[in-house]
C-alpha cells in the first residue's frame, strides 16, 4: 500500500543555504520554511527545481531551517546541490500513479479489506452480504421498499388421514374428502415459530390430533365446517397452538 504524502497550496519557494553532497540526509534552507505541510509528513520537494540537476526528495520531518530528507524519490537520482539551489514543494508523477493503482486494486487491495466483506464489495449479492454479517437472522435475498410476491405453496390431500411433514411449513394443506378426515401433528418435525395452515374444502369434517408425543392447545379440535381454515403454530418443542375457525 502506498505511503500517504501531504500537500499544501501555499508553500513558498526557498533556497539551499549551503551546498550538500549526493548522500546528505538533511538540507538547510536559506529562509524559514513558509507554507510547508504542518499536518503530517512525508511531503515532496524538488531541489534545483526546473534545472538539469533537479532531484525529488521526501521530507520526513523538519525543524527550524533544516529538512530531514530521503534522497532520489520517484526515480530521480541523488545529486550534489549548490548553495542557492531552488527548493519547491511539488506534486509528482508518483501521486498520479498511486491514485491509479488505488482504483485498479479494487476495494480489498486498496483498503486492506479481505474475506467475506471483500467478496461482498466485489460482488454485492445478498448471499455475500449474509456471509459478511455475523448476527443476521433468517435467510434469502434482501427485500427493499416493494416486497416480492411470494407464492403460498399448497399441498392438496384427498385421503381421510394425513400426518403433517416438514415440507408443509409455511404452506396451505387442503383437505378434501366426503368422509371425516384426521390431520395429525407429529413430534420432532417443526421448529418454534413455524406454521402450517389447513383448510377443509370437502364435506368431511377435519379433526386435528396429536401423535401421542406432541401436544396442542386451541378453542377446539375440529374445523367448524366446509371451507373453514386454521393455522397450526409451533410454540415450543413438540408444542403447538391452533387458531382459526374451530369447533
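Quick notes on this structure:
- In the range 65-85, residue surrounded by the fewest Cβ atoms within 10 Å (Cβ to Cβ) [restricted to those that are touching a strand residue (DSSP E or B) at 6+ places or on another chain (Cβ under 6 Å) and assigned to a helix (DSSP H, G or I)]: 74
- Residue 187 satisfies every condition listed in (1) modelled with pLDDT of 95 or more; (2) in a loop (DSSP other than H, G, I, E, B); (3) surrounded by fewer than 12 Cβ atoms within 10 Å (Cβ to Cβ) except (3).
- Inter-residue pairs, beta-carbon under 8 Å, first outside the structural domain of residue 47 (by TED's automatic domain parsing) and touching a residue at least 12 places away in the same chain (Cβ under 8 Å) and in the range 57-71, second surrounded by fewer than 14 Cβ atoms within 10 Å (Cβ to Cβ) and not in a loop (DSSP other than H, G, I, E, B), 6+ apart: none
- Residue 177 vs. criteria surrounded by 10 or more Cβ atoms within 10 Å (Cβ to Cβ), at pLDDT 95 or above and more than 39 Å from the chain's Cα centre (by Cα): yes
- Test: residue 151 is surrounded by 11 or more Cβ atoms within 10 Å (Cβ to Cβ) and at pLDDT below 85: no
- Check on residue 173, in a strand (DSSP E or B) and touching a helix residue (DSSP H, G or I) at 6+ places or on another chain (Cβ under 7 Å): no
- Test for residue 182: is it out of contact with any helix residue (DSSP H, G or I) (no Cβ under 7 Å at 6 or more places or on another chain), at pLDDT 95 or above, over 29 Å from residue 138 (Cβ atoms) and outside any loop (DSSP other than H, G, I, E, B): yes
- Failed criterion for residue 146 (all others in (1) at pLDDT 90 or above; (2) more than 25 Å from residue 224 (Cα to Cα) hold): (1)
- Count - residues of the range 176-201 that are without any contact (Cβ under 8 Å) to a residue 40 or more places away in the chain and over 14 Å from residue 246 (Cβ atoms): 13
- Pick from the range 8-23, criterion surrounded by 15 or more Cβ atoms within 10 Å (Cβ to Cβ) and part of a loop (DSSP other than H, G, I, E, B), ranking: modelled with the highest pLDDT: 17
The values are calculated or read from the model by the stated rules, or taken from the named source; none is laboratory data. All values reported here derive from a predicted model rather than from experimental measurement. Virtual Cβ from ideal backbone geometry, glycine too; neighbours counted across all protein chains shown.
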